[in-house]
1. Give just the number: which of (1) hydrophobic (A, V, I, L, M, F, W, C); (2) touching a His at 6+ places or on another chain (Cβ under 8 Å); (3) under 27 Å from Glu385 (Cβ atoms) does Ala33 not satisfy?
2. Among the numbered criteria (1) under 21 Å from Thr276 (Cβ atoms); (2) buried (at least 16 other Cβ atoms within 10 Å of the Cβ), which single criterion is violated by Ala323?
3. Looking only at the stretch 276-304, which residues are modelled with pLDDT of 95 or more and under 15 Å from Glu227 (Cβ atoms)?
4. Being in a helix (DSSP H, G or I), over 19 Å from Gly232 (Cα atoms) and without any contact (Cβ under 8 Å) to a residue 24 or more places away in the chain is the filter here, so list the residues in the stretch 151-184 that pass it.
5. Does any residue in the stretch 13-42 that is closer than 22 Å to Gly366 by Cα and at pLDDT 95 or above come within less than 6 Å, Cβ to Cβ, of a residue that is crowded, with 22+ Cβ neighbours inside 10 Å and of a type in the set (Ser, Thr, Tyr) six or more places away or on a different chain, and which pairs are these?
6. For residues that are surrounded by fewer than 20 Cβ atoms within 10 Å (Cβ to Cβ), acidic (Asp, Glu) and at pLDDT 95 or above, scanning just the stretch 110-163, find the one that is nearest to Pro201 (Cα to Cα).
7. Can you find a residue in the stretch 277-285 that is assigned to a helix (DSSP H, G or I) and in contact with a Ser or Thr (Cβ under 9 Å, 6 or more places away or on another chain)?
Amino acid sequence: MDLVAKYGIYRTILSRSFMSVGRGPGQTLAADARGDSCLHFGDATLFLGWYLGVLATEFHLLASGLMTAPGLSPRRSLHELGFALRTLERLKRTAATAFGPPPPSVPPEARGFFIRDDVDYGLLAHLPDATSLESDYLNANPYNKEESQDQLFHLLLGLSLVRKFIPPRTFEMRLILGRARRLAREICAWPSKTRWVIRNPYAGGKKVNRGDCAIFFSCPVVKALEEIDPRGGELGTSVRWWSKAAWKYLMRYNLGRIYSATNLHLVMSLACQSDTWGRKTLKRLVRLSRKFDWPVYPMVNIALFADRDAGQPRLRDRLLERASAMLEAAPPDGLSHSGSPAGWKASHRFLFERRYQDQGQNSYAGKRFPGLDFLLLHNLFRILESL
């Protein structure tokens, strides 16, 4: 099947079966899996980051004539992108009352703290073919809805692609860019205020339940922010010298041999958007990508910084070969635990190790997936082909 036709099918599946675009609670957030009538929302802001990236790259391809697909248009991409950015704003606002009555006062930077989702049962009214759902917001442990370092990093990844591929040509585009820059500053300002240990300002400043320690990632986070908004460099004073040294002189060397998938996608997502390993960033990303077959991260690096690496064409061609094989192997009717071939059986190919890509996650047996991993890989493939 033609890849653009497959892309159109995956976009339809995403918008009709996994999310409801709108401004209300739970809207414009993609479920990470669903059964016949039950949706599961996990890591929703991480998936929101990838959705932002899909929409920004999709707009670029459609507006520049690099892709034509029925039902898709630059106008639709911008429309959904506006809703997606408002969703992150909504998750920041909702955080203030998500853990009980808010405290009398919090630091100004606390407005950057967000929750993973605000999906409640009211969302079912917008999804007529769904009868039940699960989400971090509805979890019995109220602190499971808190943000974490992986949610922050992948949101920044999406916002980096918005900065790159949405030009300030019209009032709407300038509004989107301004909102993206402001949101990036706000979600980074709070961790910088708490010395890069993420704390919940609405629960007495306790450490968040999951993924609180961002100290060793503070250097690339600030650099990624600065790429989105030059004012982000003001947070540089919060980065400790030893964490900067650890990132630049330790994490890039050979640690791919010991990284778990969880740690590796954090490192690669930040390295690809911050370009903080200098001229060797792309080469080291390609090397790291081989462990779990994740070409998408070095492809993001090329898309964002194509003019910074003299060896880019050779490495780009190899990445295109890998990505082409993946895209061709994806089934034409969407991704699922039971219906996808080896490589596409995980809820997100570029977060999990090979055994989950090939065998699937037991907890998602019989479930279907939103395909954001396929969609962004496709768009990056088209962009790199055009360079």
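The values are calculated or read from the model by the stated rules, or taken from the named source; none is laboratory data. Quick caveat: nothing in here was measured; it's all calculated off a predicted structure. Every residue, glycine among them, receives a Cβ derived from its backbone with ideal geometry; neighbour counts consider all protein chains shown.
1. Just one mismatch for Ala33, condition (3).
2. Condition not satisfied by Ala323: (1).
3. Residues satisfying the conditions are Val300, Asn301, Ile302, Ala303, Leu304.
4. Passing the criteria: only Phe171.
5. Close Cβ pairs (under 6 Å, with a partner that is crowded, with 22+ Cβ neighbours inside 10 Å and of a type in the set (Ser, Thr, Tyr)) amount to Ala30/Tyr51; Asp32/Ser347; Ala33/Ser347; Ala33/Tyr364; Phe41/Ser135.
6. So the residue we want is Asp120.
7. yes
Quick grid of which residues meet (1) without any contact (Cβ under 8 Å) to a residue 40 or more places away in the chain; (2) not small (Gly, Ala, Ser):
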site	(1), (2)
Leu138	yes, yes
Gln149	no, yes
Glu186	no, yes
Ala189	no, no
Ile198	no, yes
Tyr202	no, yes
Lys207	yes, yes
Cys213	no, yes
